[in-house]
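The values are calculated or read from the model by the stated rules, or taken from the named source; none is laboratory data. What you see is a predicted model, and the numbers here were worked out from it, not measured in a lab. Don't worry about glycine lacking a Cβ; one is built from the backbone with ideal geometry, like all the others, and counts go over all protein chains shown. When the accessible area is computed, the model is the full protein with side chains, heavy atoms only, and any ligands, DNA or RNA have been set aside. Shrake-Rupley method; radii C 1.70, N 1.55, O 1.52, S 1.80 Å.
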Amino acid sequence: MPYARKKHHKGVLHLKKSWRTKRRTKDLDEIDEDLKEENAVKLINQEVDLDKPGAAQHYCIHCARYFINQRALQDHFSTKVHKRRMKALETEPYSIEESERAAGKGNFVFAQKRKIETIETEDDINKESKVMRVDE
(Lines give C-alpha, C1' and ligand atoms only; values in the text may rest on other atoms or scores of the structure.)
Protein backbone atom coordinates (compact mmCIF):
# COMPACT_ATOMS: atom_id res chain seq x y z
CA MET A 1 0.00 0.00 0.00
CA PRO A 2 1.49 3.39 -0.95
CA TYR A 3 2.16 6.08 1.60
CA ALA A 4 -0.12 9.13 1.86
CA ARG A 5 0.94 11.94 -0.43
CA LYS A 6 2.48 14.93 1.30
CA LYS A 7 0.86 18.31 0.86
CA HIS A 8 4.07 20.23 0.21
CA HIS A 9 7.10 19.84 -1.98
CA LYS A 10 10.32 18.54 -0.57
CA GLY A 11 12.74 21.29 0.35
CA VAL A 12 10.24 24.18 0.65
CA LEU A 13 9.20 23.68 4.27
CA HIS A 14 10.02 27.33 5.06
CA LEU A 15 6.91 28.26 3.05
CA LYS A 16 4.61 26.13 5.17
CA LYS A 17 3.98 28.87 7.75
CA SER A 18 3.11 31.46 5.10
CA TRP A 19 0.66 29.02 3.52
CA ARG A 20 -1.08 28.54 6.87
CA THR A 21 -1.42 32.26 7.57
CA LYS A 22 -2.19 33.43 4.06
CA ARG A 23 -5.78 34.54 4.63
CA ARG A 24 -5.68 35.07 8.38
CA THR A 25 -8.45 37.34 9.64
CA LYS A 26 -9.25 38.76 13.05
CA ASP A 27 -10.21 36.35 15.81
CA LEU A 28 -13.65 36.51 17.43
CA ASP A 29 -12.38 38.28 20.55
CA GLU A 30 -10.76 41.00 18.40
CA ILE A 31 -14.02 41.44 16.48
CA ASP A 32 -15.94 41.60 19.76
CA GLU A 33 -13.68 44.50 20.75
CA ASP A 34 -14.45 46.18 17.38
CA LEU A 35 -18.20 45.85 18.01
CA LYS A 36 -18.04 48.23 20.96
CA GLU A 37 -19.69 51.52 20.06
CA GLU A 38 -16.61 53.79 20.03
CA ASN A 39 -14.57 51.34 17.93
CA ALA A 40 -17.44 50.54 15.55
CA VAL A 41 -18.00 54.22 14.72
CA LYS A 42 -14.31 54.59 13.80
CA LEU A 43 -14.36 51.49 11.59
CA ILE A 44 -17.54 52.45 9.72
CA ASN A 45 -16.38 56.05 9.14
CA GLN A 46 -12.80 55.39 8.06
CA GLU A 47 -10.76 57.90 6.13
CA VAL A 48 -10.20 57.24 2.45
CA ASP A 49 -7.33 54.79 2.02
CA LEU A 50 -6.58 54.00 -1.61
CA ASP A 51 -4.55 50.92 -0.68
CA LYS A 52 -7.63 49.09 0.61
CA PRO A 53 -10.55 47.77 -1.49
CA GLY A 54 -13.23 50.39 -2.08
CA ALA A 55 -10.93 53.03 -0.56
CA ALA A 56 -11.86 51.61 2.90
CA GLN A 57 -15.40 52.98 2.66
CA HIS A 58 -17.32 49.66 2.65
CA TYR A 59 -16.34 47.53 5.66
CA CYS A 60 -18.06 44.58 7.34
CA ILE A 61 -17.24 44.83 11.04
CA HIS A 62 -18.36 41.28 11.82
CA CYS A 63 -16.14 39.62 9.21
CA ALA A 64 -13.33 42.25 9.24
CA ARG A 65 -13.41 42.57 5.44
CA TYR A 66 -13.38 45.47 2.98
CA PHE A 67 -15.56 45.51 -0.16
CA ILE A 68 -15.23 47.42 -3.42
CA ASN A 69 -18.69 49.00 -3.33
CA GLN A 70 -21.94 49.15 -1.38
CA ARG A 71 -23.59 46.53 -3.60
CA ALA A 72 -20.84 43.99 -2.87
CA LEU A 73 -21.21 44.70 0.85
CA GLN A 74 -24.99 44.21 0.70
CA ASP A 75 -24.53 40.94 -1.21
CA HIS A 76 -22.05 39.79 1.43
CA PHE A 77 -24.63 40.24 4.19
CA SER A 78 -26.74 37.44 2.68
CA THR A 79 -23.88 34.93 2.28
CA LYS A 80 -23.23 31.83 4.37
CA VAL A 81 -19.84 33.16 5.46
CA HIS A 82 -21.38 36.26 7.05
CA LYS A 83 -24.21 34.29 8.66
CA ARG A 84 -21.75 31.79 10.15
CA ARG A 85 -19.68 34.62 11.60
CA MET A 86 -22.80 36.22 13.09
CA LYS A 87 -23.72 32.89 14.70
CA ALA A 88 -20.20 32.53 16.12
CA LEU A 89 -20.36 36.05 17.60
CA GLU A 90 -23.54 35.23 19.55
CA THR A 91 -21.57 33.58 22.36
CA GLU A 92 -19.41 35.76 24.54
CA PRO A 93 -15.68 35.50 23.80
CA TYR A 94 -13.36 33.46 25.99
CA SER A 95 -12.04 35.59 28.86
CA ILE A 96 -9.34 35.41 31.53
CA GLU A 97 -11.98 34.87 34.22
CA GLU A 98 -13.36 31.91 32.26
CA SER A 99 -9.90 30.37 31.97
CA GLU A 100 -9.40 30.72 35.73
CA ARG A 101 -12.75 29.02 36.37
CA ALA A 102 -11.72 26.18 34.04
CA ALA A 103 -8.50 25.80 36.05
CA GLY A 104 -10.50 25.33 39.24
CA LYS A 105 -10.61 28.87 40.64
CA GLY A 106 -14.27 29.70 41.12
CA ASN A 107 -17.52 28.19 39.87
CA PHE A 108 -18.28 27.24 36.29
CA VAL A 109 -20.60 29.61 34.43
CA PHE A 110 -21.97 28.88 30.96
CA ALA A 111 -21.13 31.37 28.21
CA GLN A 112 -23.99 33.80 27.71
CA LYS A 113 -25.83 34.05 24.40
CA ARG A 114 -26.50 37.50 23.02
CA LYS A 115 -28.36 38.91 20.05
CA ILE A 116 -26.11 40.16 17.23
CA GLU A 117 -27.45 42.03 14.21
CA THR A 118 -25.62 43.22 11.12
CA ILE A 119 -24.29 46.77 11.50
CA GLU A 120 -24.24 48.74 8.25
CA THR A 121 -24.23 52.44 9.18
CA GLU A 122 -23.61 54.72 12.15
CA ASP A 123 -27.38 54.83 12.77
CA ASP A 124 -27.32 51.06 13.29
CA ILE A 125 -24.58 51.47 15.91
CA ASN A 126 -26.67 53.99 17.87
CA LYS A 127 -29.76 51.77 17.61
CA GLU A 128 -27.74 48.77 18.78
CA SER A 129 -26.47 50.62 21.86
CA LYS A 130 -30.04 51.63 22.78
CA VAL A 131 -31.18 48.01 22.51
CA MET A 132 -28.33 46.89 24.77
CA ARG A 133 -29.31 49.48 27.41
CA VAL A 134 -32.96 48.38 27.36
CA ASP A 135 -31.97 44.76 28.00
CA GLU A 136 -29.72 45.67 30.93
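Could you look through region 33-45, keep only residues that are charged (D, E, K, R) and more than 13 Å from the chain's Cα centre (by Cα), and pick out the one that is farthest from Ser95 (Cα to Cα)?
Only one residue fits best here, namely Lys42.
Out of the residues in region 46-75 that are β-branched (Val, Ile, Thr) and more than 18 Å from the chain's Cα centre (by Cα), state the one that is surrounded by the most Cβ atoms within 10 Å (Cβ to Cβ).
Step by step, filter region 46-75, then rank; the result is Ile68.
Which numbered condition in (1) open to solvent by less than 80 Å² (accessible area, probe 1.4 Å); (2) in a helix (DSSP H, G or I); (3) touching a residue at least 12 places away in the same chain (Cβ under 8 Å) is the only one that Val81 fails?
It is condition (1) that Val81 fails.
Would you mind telling me which numbered condition in (1) open to solvent by less than 100 Å² (accessible area, probe 1.4 Å); (2) at pLDDT below 80; (3) of a type outside the set (Gly, Ala, Ser) Asp135 fails?
Going through the list (1) open to solvent by less than 100 Å² (accessible area, probe 1.4 Å); (2) at pLDDT below 80; (3) of a type outside the set (Gly, Ala, Ser), Asp135 breaks only (1).
Being of a type in the set (A, V, I, L, M, F, W, C), modelled with pLDDT of 85 or more and under 20 Å from the mean Cα position of the chain (by Cα) is the requirement here; does Met86 meet it?
Details: of a type in the set (A, V, I, L, M, F, W, C): yes; modelled with pLDDT of 85 or more: yes; under 20 Å from the mean Cα position of the chain (by Cα): yes.
Yes, satisfied.
Among the numbered conditions (1) within 21 Å of Glu37 (Cβ to Cβ); (2) assigned to a helix (DSSP H, G or I), tell me where Cys63 comes up short.
Among (1) within 21 Å of Glu37 (Cβ to Cβ); (2) assigned to a helix (DSSP H, G or I), the lone unmet condition for Cys63 is (2).
Of all the residues that make up region 87-98, how many are surrounded by 15 or more Cβ atoms within 10 Å (Cβ to Cβ) and assigned to a helix (DSSP H, G or I)?
Selection size over region 87-98: 1.
Scan region 6-54 for residues that are assigned to a loop (DSSP other than H, G, I, E, B), modelled with pLDDT under 65 and not β-branched (Val, Ile, Thr) and jot them down.
Lys6, Lys7, His8, His9, Lys10, Gly11
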